[in-house]
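Scroll down for the structure; my scribbles are underneath it.
Every read-out reported here was derived from the displayed coordinates using simple, explicitly stated rules and does not represent laboratory data. Just so we're clear, the structure is a prediction, and the values are computed from it rather than from any experiment. So basically every Cβ, Gly included, is an ideal-geometry build from the backbone, and we count neighbours across all protein chains shown.
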Amino acid sequence: MFCTNCGAQVTAETRFCPQCGTTLGGAQPPPPPPVFAPAAAYTAPSGCQAYPSRWIGAAWTLVTGQLGMFALIFIVMTAVSTIVPLILQGPMIAGMHIVCWRVALGGRADLGDLFKGFNFFVPALAACIVITIFSFLGLFACIVGALVVSAMYQFTYLFIIDRKLDFWPAMQASHAIVKQDYFGFTIFLLALIGVQILGALACLVGLLVTLPMFYAAITVAYKELVGFASPEPPQ
């Protein structure tokens with residue numbers, strides 16, 4: 001190697017140039033690894049309230065605008081979910097929310113989006129199992145208890161796919177929204193169940209409209225209350 005000042009040839013171990021005395025830099029130690037701070041807990045916006053009629057109305061417009069594709073997507077979702085009950089249900093719910101997310105932003109419903117829920121397989125599966133257990137335990141506090149528990153965690157899958165949270169932080173984030181208006185969000189969920197009953201009364205064919213509306217309404221509510229972190233769904 002050579003001195004950076006006078007150009008004299010020196011060895012790699014030389015610290016000072018014998019010709020001009022310039023300090024020579026040896027091998028630099030590697031930089032320390034970056035220290036990552038733990039992810040901060042989600043802070044819910046204040047003043048969250050439920051608006052069941054507005055969100056359900058928006059879901060009706062969203063689904064009926066692309067009814068054929070939504071009906072096909074829901075049929076596929078049901079068929080896949082029943083292959084291995086509970087195990088595949090979580091990723092399928094996540095995928096349906098991704099479909100609704102795209103349409104809520106003005107895009108087209110795409111069957112391929114349904115299977116993007118498998119990109120979040122582990123947290124979606126864990127959320128599905130834990131929410132099912134909690135809802136079952138809520139039955140011991142009568143039907144109302146199960147409804148409140150289900151309402152508490154209705155935004156869980158959206159926090160998983162949008163904010164990339166693990167299942168438990170996602171459940172906590174959902175609860176942080178709902179606890180500001182337990183009654184309103186429980187009524188919202190109850191209204192959605194009522195819509196499903198009306199769909200079943202329409203010779204079951206109505207469920208092809210009302211069941212996608214269930215997920216669409218929750219997605220619309222999330223969009224209004226939380227807002228999507230990304231301008232488009234996960235690819």
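Remark: region 86-97, residue by residue, has Karplus-estimated 3J(HN,Hα) of 6, 5, 9, 5, x, x, 5, 5, 4, x, 5, 5 Hz, where x stands for each Gly or Pro and the curve is 6.51 cos²θ - 1.76 cosθ + 1.60 at θ = phi - 60°. Put simply, the Cα atoms of region 72-132 extend 33, 20, 17 Å along their principal axes, the longest span coming first. Based on C-alpha pairs under 8 angstrom that are at least 6 apart in sequence, region 33-128 has a relative contact order of 25 percent.
Given an 8 Å cut-off on Cα distances and at least 6 residues of separation, report the relative contact order of region 53-225 as a percent. All intermediate terms of the calculation are to be shown ahead of the outcome.
Details: 222 pairs, mean separation 47.7, N = 173.
About 28 percent, as a whole number.
With R₀ set to 45 Å, the beta-carbon distance separating A79 from Y51 gives a calculated FRET efficiency near 0.85. Across region 122-235, counting alpha-carbon atoms alone, Rg and Dmax equal 14.5, 42 Å.
In this rough spin-label picture, where each label sits 7 Å from Cα along the Cβ direction, the Y42-R163 distance is 0.4 nm.
Please work out the FRET efficiency for the pair L190 and F134, using the Cβ-Cβ distance as r and a Förster radius of 22 Å; give the result to the nearest 0.05. Spell out each step's value before the answer.
Values: r = 18 Å, r/R0 = 0.80.
Computed FRET efficiency for L190 and F134: 0.80.
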